[in-house]
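Since the structure comes first, as structure tokens, the remarks are kept for the end.
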Amino acid sequence: MRKAALPSRLAVWLVLIAAISFFPACIRAADGDQQIAQLHTCKLGKGRQIDDCFLGYRTWGTLNAQQSNAILFPSWFSGNSSNLAQFVGADKMIDPAKFFLIAVDALGDGVSSSPSNSSDQHGAHFPTFTIADMVDAEYRLATEVLHLKHLHAVMGISMGGMQTFEWMVKYPTFMDVAIPIVGSPRLTSYDLLLWQAEIEAAQDDPLFQGGNYSDRPKLPLVEFIHTMNLSTPAHYARTVSRDAYEKLQEGYYTKGVLPFDANDWVAQLGAMIRHDVSSGSSMETAAKKVKAKVLVVVAAQDHMVNPQPALDFAPLIHAQTLVLESDCGHLAPGCESAKLFPAVKAFLEAQ
């Protein structure tokens, strides 16, 4: 009986060990599932802080044994991590069979810590934050939550492209590759004019109530300004008929910028206005910090994020450039996906 007991106990232990080893795989989030990372306190510039700070994120693919295939992809203005699923696939920009993608909800997007979802710093009481603050929180997600020591790449579109420029200057050795798409290292005067006009339109709306509203304001004027600059006059006139416009205009008054919260909208606009990778020095000084191999993608007819600062920065960091020429303006990444996707995919996989 004693001789039989030992193998029996050994078998039980082996089963337990196998079960414990298998358990984490069972509970690992499925590709594209929303996840929340608790960062507790996020220190911001000028002594500000987010008290109960958290970031939303989603992942696709599997981190390899060398932890050398992770890509971080922050969200664009007024978007969230769910929007980035459209770029994932064997025939898209990021192949999840080759890379471990981390799509991040940028601060202020209504999923991560934002004016709209903060319990003790709600609405107008939420602290002012910057693109650099977004990047600092994302670095903590990568290092403290996901325990990564390095990224293969950081990439993003629009405000995500601005975060990418900030990443390559602020954490230059943490990535091998950076791909800012229709982003900017620093805004032009026209960009500032546009974003400030949207802030003024939001804050001047009587329903905004200084950010202390109980019902979300529709902000139709903000929607008009934003839509006017999203593409080009030629593209808009070609793709939206007069009859369709009547319905769209009605929607601006009934739906507005919903489901995106007005305080969140204003907060992210402010972050873009304050964006400057030179931090008050010079772009040449900022460029000297960059270590990554960079592909800069711009839209030649972009009315929303002027392409010139990115084009000027590119030679300073020895970056390759890809210029999207269509009249889609800021929407060019979608209009010219047949050109963009293979170029980005090839750049990611070649480095």
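Could you say whether any residue in segment 141-153 is touching a residue at least 24 places away in the same chain (Cβ under 8 Å), closer than 17 Å to D52 by Cβ and either buried (at least 19 other Cβ atoms within 10 Å of the Cβ) or not hydrophobic (A, V, I, L, M, F, W, C) (or both)? Within segment 141-153, one or more residues are touching a residue at least 24 places away in the same chain (Cβ under 8 Å), closer than 17 Å to D52 by Cβ and either buried (at least 19 other Cβ atoms within 10 Å of the Cβ) or not hydrophobic (A, V, I, L, M, F, W, C) (or both).
Inside segment 263-303, residues that are under 30 Å from N117 (Cβ atoms), modelled with pLDDT of 95 or more and not charged (D, E, K, R) make up a count of 12. Just wondering, is there one or more residues in segment 211-221 that are assigned to a helix (DSSP H, G or I) and under 30 Å from L311 (Cβ atoms)? No, the conditions are met nowhere in segment 211-221.
Residues of segment 51-76 being of a type in the set (F, W, Y) and surrounded by fewer than 24 Cβ atoms within 10 Å (Cβ to Cβ), which ones? Within segment 51-76, just F54 meets the criteria. Among the helices (runs of 4 or more DSSP H) confined to segment 241-341, the ones with at least 3 residues that are of a type outside the set (S, T, N, Q) and buried (at least 21 other Cβ atoms within 10 Å of the Cβ) are located at 262-273, 308-316.
Restricting attention to segment 146-158, does a residue exist that is aliphatic (A, V, I, L, M), in the same structural domain as V294 (by TED's automatic domain parsing) and part of a helix (DSSP H, G or I)? Reasoning before the result, please.
Looking only at segment 146-158, we keep the residues that are aliphatic (A, V, I, L, M), and these are 146, 148, 151, 153-155, 157.
Checking the rest, the ones that are also in the same structural domain as V294 (by TED's automatic domain parsing) come to 146, 148, 151, 153-155, 157.
Right, trim to part of a helix (DSSP H, G or I) and you get none.
There is no residue in segment 146-158 that is aliphatic (A, V, I, L, M), in the same structural domain as V294 (by TED's automatic domain parsing) and part of a helix (DSSP H, G or I).
I'm checking my understanding of the structure. Among residues of segment 173-210 that are part of a loop (DSSP other than H, G, I, E, B) and among the polar types (S, T, N, Q), which one is surrounded by the most Cβ atoms within 10 Å (Cβ to Cβ)?
Within segment 173-210, the subset part of a loop (DSSP other than H, G, I, E, B) is 173-174, 182-185, 187-188, 205.
Among the residues that remain, those that are also among the polar types (S, T, N, Q) are: 173, 184, 188.
On the way: T173: 9, S184: 28, T188: 14.
Per the stated criteria, the residue is S184.
If you go through segment 247-258 one residue at a time, do you hit one that is in contact with a Leu (Cβ under 7 Å, 6 or more places away or on another chain) and modelled with pLDDT under 95? Within segment 247-258, one or more residues are in contact with a Leu (Cβ under 7 Å, 6 or more places away or on another chain) and modelled with pLDDT under 95. Filter segment 90-119 for residues that are farther than 18 Å from I36 by Cα and touching a strand residue (DSSP E or B) at 6+ places or on another chain (Cβ under 9 Å) and give the result. Across segment 90-119, the qualifying residues are M93, I94, D95, P96, F99.
Tell me which residues, restricted to segment 85-120, are hydroxyl-bearing (S, T, Y) and either part of a strand (DSSP E or B) or modelled with pLDDT under 95 (or both).
Kept after step one, since they are hydroxyl-bearing (S, T, Y), are these residues of segment 85-120: 112-114, 116, 118-119.
Matches in segment 85-120: S119 only.
Looking across segment 31-66, the residues that are in a loop (DSSP other than H, G, I, E, B) and more than 30 Å from H125 (Cβ to Cβ) come down to D31, G32, D33, G61, T62, L63, N64, A65, Q66.
The values are calculated or read from the model by the stated rules, or taken from the named source; none is laboratory data. Not measured: the values here are computed from a predicted model. Cβ sites come from the backbone with ideal geometry, for glycine too, and all protein chains shown count toward neighbours.
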